[in-house]
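Written out below as structure tokens is the structure these notes cover.
The values are calculated or read from the model by the stated rules, or taken from the named source; none is laboratory data. From a predicted model like this one, the values you see are computed outputs, not experimental measurements. Heads up: the accessible areas ignore ligands, DNA and RNA and are worked out on the full protein's heavy atoms, side chains in. Shrake-Rupley method; radii C 1.70, N 1.55, O 1.52, S 1.80 Å.
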Amino acid sequence: MELLIKRAMGGDGESFIQLMEKHRESMLKVAWGFFSNQEDVADVMQQTILNAYEHIGGLKKIKYFKTWLIRILINNCTQLYNSQKRVADQEEVSDAGYLDTYPGENSFFYLLSLLKQEDRVIFQLYFGEEYTTKEIGEFLGIKESTVRSRIHRGKEQLRKQIQREEWA
């Protein structure tokens, strides 16, 4: 992996493409944590790949490549999400299609769909990608304690929702 990163940093396009393919699934999962439609996910993926290609020479430590890449993705997701929020009133944005649009059957994404929008990405990074609460806080620009409390609140929300569905 380090050799691929070094080659990509040196301008080797084929190595860069291989890196993007290796991290594609992780990037998609994080993007789906933000958005509920394929077009938005495709937009942020495309922008992230372009940004990473343009700035890979600025990567300081090779061992943090994935963290660097996910950070770019989160920044792009946040920008798009905020621009959409300005256009549409928050109450008009519906998450109803979230389950229908994620490719493939996946119970993890079903659980994510039960969470508030702002908690989905935290759950995806913590449980899906196994980042630490400290790393997630750095990614999102929030305190580590906030990340931990959102995880705790989200777990409680999921627990209550699952209990309600069992009774139904």
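Brief remarks follow.
- Heavy-atom surface analysis with a 1.4 Å probe gives the chain a carbon and sulfur content of 49 percent of its accessible area.
- Per residue value of the accessible surface for the chain (all protein chains in place, 1.4 Å probe), Å²: 60
- Translational diffusion coefficient of the chain (Stokes-Einstein, Kirkwood radius from Cα pairs, 25 °C, 0.890 mPa s): 144 µm²/s.
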